[in-house]
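We did not get these values from a lab; they are worked out from the coordinates using the rules stated. Computed from a predicted structure; not experimentally measured. FYI the Cβ positions are ideal-geometry reconstructions off the backbone, even for glycines, and counts take in every protein chain you see.
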Amino acid sequence: MKKTLLRIATLLIVTTLCTVFLPSCTDHYREYTYGDFRYVVEDGEVIITEYTGNERDLIIPASIDDMPVVTIYSGAFLHCDSIKSVVIPDSVVRIDGLAFNQCENLERVTLGSGVQEIDFSPFSHCDKITYNEYENGYYLGNDQNPYLALVHAKHSGIESLTIHPDTRIICGNAMEGCTSLSELTIPQSVTYIGSYAMERTALQSIYIPETVVSMGSYVFNQCNSLSEIAVSDQNPSYKSIDGNLFSRDGRDLLQYAIGHERSSYRIPEGTVEIHSEAFAYATNLTEVVFSDSVEGIGHMAFINCENLQSIDFGNSLKAIDGAAFSFCKSLTEVTIPDSVQEISYSVFSNCDQLERAVIGSGVVSLGYGVFRSCDALNEVVFRDPSGWQVKTMYALWGNKIDVSDPTQNAQALTGEYIDHYWSKK
């Protein structure tokens, strides 16, 4: 029963990822078969999507029809219980999250020398794998470099972690459960850090060397003590501004150091995008001021900033993505500037102290559940009340709605039309 539930959960995750990321999940790509492998082709390169065979000692091909195999997709080897050993060819550049999930008899993994990225929990529930050990870490690699990838820490109670000096990859979720980890040095050999790699650790500061050129999503998710993210001045991909992580050109704010004691933060001029969960769980913040360069706020960017009271969105913001300010329980009033065009789903959901909202004249769409569970909301003002309609998810046409009464608007957005899309003609 437990195995079945795990398999169902994994399939749901993989299906969701497929919808977002995998080219073959669109009508523009066709899935092919090569022996026991299923794959798609993108720009002349092969992405392995599924293995259907039962080999004991599996060697993944380096090429198919003279095209290099470069990616192993999420869940491609899900529950392949027959496999005891697998050799990943030098052609493979990326191994996606959960790629070998629940291969319960897998004992030996040889990584090709060309692997550059390994994302979250690639070998989850593969409890028989023999790892190469160094200090407090478990590693996978090959004969030339046994420590190519740090897969995960030895145990959750560690306070410090010394990474092998030959390691190139820190896998996603590598420090999962290491809530006491407060000391970590990333060696100059590391070029990639996977998604959620340092999630919920007790790190207070981290230094990213110049060699790290790529990182997955949410690397520092819920690192509540992290007050400084420092980056080498020579790093070609990233930089630090006031102890926070930005893209090298400064256009993307990737991660705010949520453990910093400051209560007010002004997003610097030149920032264009706030990435997903960039400020999530920044509980010390009470005020955020956006510069006029900011155009987009990502998914769940400020979720659970429970003490956030004041937001100045600036004058150039165009879009606010889903659940961006969900569970910001100290907000009492928000004013969406006229520059904003789209407000996605659940943006202010569970802001249970929110009483008043002003929707700017430029807004043309509201996603479903924007004010879900905002029980104190009693006034929603539309600066331009003309032409609004509501419709359900699959409806082709909407029904006109009068939004001239702020009190009725609040009731409709939290009640009768909470799960409807609001839009202008």
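Values computed for the structure shown
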quantity	calculated
With Cα atoms, 0 to 90° folded angle of helix 2-21 axis to the chain main axis	70
Within the chain, percent of DSSP bridges classed antiparallel, to nearest 5	40
Point-to-point label distance, GLU355-LYS400, nm (Cα→Cβ direction, 7 Å offset)	3.4
Loop sites in the range 108-180: GluC sites (Glu not before Pro), DSSP, at most 13 other Cβ within 10 Å	GLU135, GLU159
Under 10 Å, Cβ to Cβ, from THR162 - net charge with Lys/Arg +1 and Asp/Glu -1	-2
Fluctuation leader among ALA99, ALA412, ALA280 - the chain, Gaussian network, Cα springs under 10 angstrom	ALA412
Filtered chymotrypsin sites (Phe, Trp or Tyr not before Pro), the range 341-400: DSSP coil and at most 13 other beta carbons within 10 Å	TYR394, TRP397
Over the chain: helical MRE at 222 nm, DSSP H runs n ≥ 4 each giving -39500 (n - 2.57), nearest 500	-2000 deg cm²/dmol
Neighbourhood charge, 15 Å Cβ-Cβ cut-off, centred on ALA230 and excluding it, Lys, Arg +1 and Asp, Glu -1	-3
Most mobile listed residue (LEU396, LEU253, LEU106) in the chain, GNM with C-alpha springs under 10 Å	LEU396
Euclidean distance between Cα centres, the range 264-327 to the range 73-128, Å	37
Spin-label model distance (nm) - SER63 vs GLU269, 7 Å beyond Cα toward Cβ	5.4
Dipole-positive endmost among THR52, MET175, GLY157 within the chain (Cβ charges, Cα centre)	THR52
Restricting the range 40-96 to GluC sites (Glu not before Pro) in coil, as DSSP defines it, with at most 15 other Cβ within 10 Å	GLU55
Estimated FRET transfer efficiency when R0 is 35 angstrom, pair GLN144-ARG262 (beta carbons, to 0.05)	0.15
Length gained when the stretch ASN54-SER160 is fully extended (0.36 nm per residue, less Cα-Cα span)	34.1 nm
Rel. contact order, % - alpha carbon contacts under 8 angstrom, at least six apart, the range 261-425	15
The chain: relative contact order as a whole-number percent, Cα under 8 Å and 6+ apart	6
In nm, spacing of pseudo-spin labels at ASN307 and LYS425 (7 Å Cα→C-beta vector)	4.9
Highest-fluctuation residue, LEU181, LEU317, LEU58 considered, GNM on the chain with Cα pairs under 10 Å	LEU58
